1. In the neighborhood of MET466, defined by Cβ-to-Cβ distances under 13 Å, what is the net charge if each Lys or Arg adds +1 and each Asp or Glu adds -1?
2. In the range 359-491, what percent of the accessible surface is made up of carbon and sulfur (1.4 Å probe, ligands and nucleic acids excluded)?
3. Going by amide H atoms built from the backbone, whose H comes under 5 Å of the H on GLY113, apart from near neighbours?
4. Could you give the nm distance between label points at LEU404 and GLU314, where each point is 7 Å from its Cα heading toward the beta carbon?
5. Non-local amide H neighbours of GLN90 (under 5 Å, H modeled in plane, Pro and chain starts lacking H): which ones?
6. Would you calculate the separation in nanometres between label points at SER632 and THR36, each defined as 7 Å from the Cα along the Cα-to-beta-carbon direction?
7. Can you give the log10 of the normalised intensity I(q)/I(0) at q = 0.12, 0.21 Å⁻¹, computed with Debye over equal Cα scatterers of the range 395-526?
8. How much length is gained if the chain between ILE657 and SER45 is pulled fully straight, taking 0.36 nm per residue apart and subtracting their Cα-Cα distance, in nm to one decimal?
Amino acid sequence: MRTKSSAFSAVGCISLIVLTAVLAFTATAQIPRSQTPFSQDSAWSYLKVLAGDIGPRPMGSPSERAAMEYALRKFREFGLQEAFIVPMMQAVSGELSAGVNTNSGTAVGVLKGKTNRTIVIGGHIDSAGPDIPGANDDGSGSAAVIELARVLARRSNESTIVFALFGGEEQGLRGSRHFVRNFDRMNDVALMLQIDMTNGSDWLLPLVDAKDHLTPRWLVEASYEEFEALGYSGLFFPTHFYAFLTSLPGGGIGSDHEPFLEKGIPAIDFTSDVTDPIHTPQDNLENFIPSGLKRSGDLVYRLVERFDTGVPAETSVSYYLLQFDTALFFFPIWSLYVFFAVALVLAIIALSRMRKARIVEEPRRKVPGLKLFLLMILIQTFVWLSENVVGIIKGSRFPWLSNLDGYFLLGFFAAGLGIWVALQLAPRMGFSREPYRYALKGMIILGVFLLLMLLASPKLALAAAMGMFFLALSFLVDSWYLKFIFWLVSPHFMYRLIFSEGYGLLARSMTGVPLEGFVASLLLHLFFILFFSLWAFPFLLGFAAIRFQKPESFVFLTWFRKPIGGIVACVIFAGFALFLSLQPTYSPHWQQQIAIRQAGDLNSQKVTIDLASPDYLGDMSVQIGGKDTVLSGRVRNVRMMEGSFEGDPWIRVERSIEIIKGTNTTFTMLLKFHFKHRPYTFDVSYRGGTAPPQDVDTPVVWSPEGKSVAMRWYSFPDTLLVVPLKMTVIGSDSLTESITATFVQPIIPVVVKKDQASVNTRTTMSVTEVIRKP
């Protein structure tokens, strides 16, 4: 009995242990590990005020100032010792030479710690325009910063924490650059954490680049460690997108961490998926997923806790970052050059072996590879024009706007059809069967790519080196399936540069590029077809090389070039194109942008009204002055009205002038500009004589433009601007004053009705007057 009783006791204990473990695991699975004091509900309430009650907040606007004042009230409510605005009346970017007059700045809250060592937590409070609520970009980041001020004020901090909501980020990081130059405690800043967009989409991107500066490795690693410890997933570094963008003038994905990195301060930015509908009216509360507020807020809170007592002293060397799942690999830039050398050596070895293996000497072609390049152009034409087929059926220029992935697949099917046509032509073109010739040409082209891309960035050149490396491997191995696998991998890196993680952002931004007329559209299509033909050509040459190395292993091409192959390819392409043509082009996230452009000339009292859109204006109703007009057809620009207007002048100028004439003429003026409404933008320039005006003296920012002196305001200055101005005119006794002001109010009300469309109104008023001594 005792033995049996002991056995049952042992079984009972084991069962109890297993049950306890199961319950503990279940409890752990049910309780989020991401518990910090950060409240999603509180941050959401702030965001509703910023993007809902206040709304669009372009730099310098009264709404931007209202958002800053709201943040300051919250900072004071949370017990921060200081809350103030660092004013920015003249916005000058480090990348833009022309300054603008504004009424922007940075809203600052200071939570004093036990030391003066400072951590800056930033977001930008402005939005990209007067029609863009900026819920995600970056009302959400600002809301997260405000909530972090609330929760961090409840703990004892070693470091002083500065909460900074920058204005003017969308105008070239002007607010943060101004802050870094003018904040009186910058020497105490040890760390900067930026939150730019916190939508709860799949990805959260760590932005680590500024021109010639990188986030230190220890800060990147710490971010991933804390993110994983919080139980989140989706922190993803867009390697290829970064490599592409950093090679462009200006470099990097801009956000307010960059000026801090440029000053040598460790900084990082966290940005949600850049393919969300930012910089459009659809960046609103309805399209925002609030869970991202908690994710970003928790991460920054943990980083503040981690570095509250200090940051590592080491600075980061330049590196190339790759992420596989959650593992990070930091490659020093010198290692890329080592790989370039390895790829070149491997290519030389492969070409040397292929040259020795030549059996038949063939006559040299006059233009090496020309016929194969023509086939490449044919295939790329099928790929590039595939979307146009669907666009013609749907009556849309951008049928892919809401479904990029579907059109990638359509391009793949179109490539199959193009390859079938190319295979019909190939036997008639008398191609060489010598693998070495194709391999040599392919490697030479990749070598040229490598050298040209290296001029921009070694990170960019890595794509060409990887293509060369895997293409060389495909030439060297004997197994036909390994040849095919290595060849299949070889173009991946070159194409990943173009079709990167942020391709959706780049493609959709291109829809706003002005392009008028059939000829311009044809030239653009030809450019892209030729560009991608050249981009892909070395890999087509590589395929020809391995095809003739192992001709017996590529019999599937013989089957595919039969009529049945073409029928199958055509049916698949046509069926999928028909499927896509039945899908909506626009959605609540992506809508057609329609612009009402009204232009008034105050000298002639004439007005014109135009409608314009990147897409066609058909199936739309327009009401002007009680008269309805239905637009049809495939037009993108329509002149709706030409006429005269009356009423109060939209712009009126009072001048107090003193003119002193001598060899040259000096104008001393007190200018008072009166506006019927606050202008969205206001430009005024002065020109006279044989040279630009000299000895310009005014308290506002101005810039020379040709033979003129120009002054600009952005955005929504007051309805009265008083500007003292003095200048000397060379070789003339008069000045020509040219004024252009843009308003969001219409001269004549226009109502546009179209499903899934966003409409914005801009009214441009201009007037010119000659100023001279009576």
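The values are calculated or read from the model by the stated rules, or taken from the named source; none is laboratory data. None of these values were measured; they are calculated from a predicted model. Glycine also receives a Cβ, built like all others from the backbone with ideal geometry; neighbour counts cover every protein chain displayed. For the accessible areas, the whole protein counts, side chains as well, though only heavy atoms, and no ligand, DNA or RNA atoms are used. Shrake-Rupley method; radii C 1.70, N 1.55, O 1.52, S 1.80 Å.
1. +2
2. 73 percent
3. It is THR160, ILE161, by chain and number.
4. 3.6 nm
5. It is THR102, by chain and number.
6. Label-label distance for SER632 and THR36, simple model: 5.9 nm.
7. Taken in order of the listed q values, log10 I(q)/I(0) reads -0.73, -1.34.
8. 215.1 nm
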